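The values are calculated or read from the model by the stated rules, or taken from the named source; none is laboratory data. Please read all numbers here as calculations on a predicted model, not as lab measurements. All Cβ positions, even for glycine, are placed from backbone atoms using ideal geometry, and neighbour counts span all protein chains on display.
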Amino acid sequence: MDTILENLLVGRDLYIKMFGSLCGKYELNLSEILTLLFLANNPEYDTAKEIANKLKLAKSHVSVTVRNLEEREYIKGSFSGSNHRTIHLSLCAKALPVVEEARARLDEFRTVVMSGFESEERSQFSDYLKRVTNNINIYIKG
């Protein structure tokens with residue numbers, strides 16, 4: 001198997017394993033947890049459209065996720081000023097424990113992935129990943 005593809009797949013498996021028990025504890029699926037984490041870490045991107053674009057998810061999937069989170073009072077939507085076309089999302093207090101635990105899992109994920117790397121190697125690796133992501137985004141946009 002191609003090393004890059006294998007790394008992507010095994011990384012996804014690790015992510016699922018680390019967040020799996022959190023999903024069970026709060027009875028949320030992985031998309032819902034990642035949406036809460038995204039909103040907490042990126043408050044400037046607070047619409048369903050922005051979440052879909054940044055996380056590379058289908059808008060319909062994000063729409064269902066947002067509706068579920070609103071119904072369960074993890075997030076709330078509001079309008080900004082006189083613009084009643086765009087709904088801006090924000091976290092409710094109920095989401096804070098989930099976000100706190102999700103951030104800890106994300107830190108653990110980084111620790112596992114970067115285990116054995118020196119500081120300079122971590123920096124280089126980060127730079128390489130940014131370049132790979134940029135290359136992929138350029139290709140996708142055509």
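Below are the figures for this structure:
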{"item": "Residue match in the range 111-118 (condition: closer than 19 Å to ASN7 by Cβ and either among the acidic types (Asp, Glu) or touching a Leu at 6+ places or on another chain (Cβ under 9 Å) (or both))", "result": "yes"}
{"item": "Subset of the range 82-97 (residues that are over 30 Å from LYS25 (Cα atoms) and either among the charged types (D, E, K, R) or out of contact with any Ser or Thr (no Cβ under 9 Å at 6 or more places or on another chain) (or both))", "result": "SER82, ASN83, HIS84, ARG85"}
{"item": "Scope the range 14-50; condition under 30 Å from SER115 (Cα atoms), in contact (Cβ under 8 Å) with a residue 24 or more places away in the chain and β-branched (Val, Ile, Thr); matching residues", "result": "ILE33, THR35"}
{"item": "Residue in the range 15-33 that is surrounded by 13 or more Cβ atoms within 10 Å (Cβ to Cβ) and of a type in the set (S, T, N, Q) present", "result": "yes"}
{"item": "Test result for LYS130, among the charged types (D, E, K, R), over 27 Å from GLU27 (Cβ atoms), within 18 Å of the chain's Cα centre (by Cα) and in a helix (DSSP H, G or I)", "result": "yes"}
{"item": "Positions within the range 106-124 being free of Cβ contacts under 8 Å to residues at least 24 places away in the same chain and assigned to a helix (DSSP H, G or I), in sequence order", "result": "ASP107, ARG110, THR111, SER119, GLU120, GLU121, ARG122, SER123, GLN124"}
{"item": "Residue count for the range 58-75, restricted to those that are outside any helix (DSSP H, G or I), surrounded by fewer than 12 Cβ atoms within 10 Å (Cβ to Cβ) and at pLDDT 95 or above", "result": "1"}
{"item": "Residue list for the range 76-105, filter: among the basic types (Lys, Arg) and in a helix (DSSP H, G or I)", "result": "LYS94, ARG103, ARG105"}
{"item": "Among residues of the range 42-57, those that are assigned to a helix (DSSP H, G or I) and touching a helix residue (DSSP H, G or I) at 6+ places or on another chain (Cβ under 8 Å), counted", "result": "6"}
{"item": "Single residue of the range 76-96 satisfying the filter (closer than 15 Å to GLU44 by Cα and surrounded by fewer than 17 Cβ atoms within 10 Å (Cβ to Cβ)) that is modelled with the lowest pLDDT", "result": "SER80"}
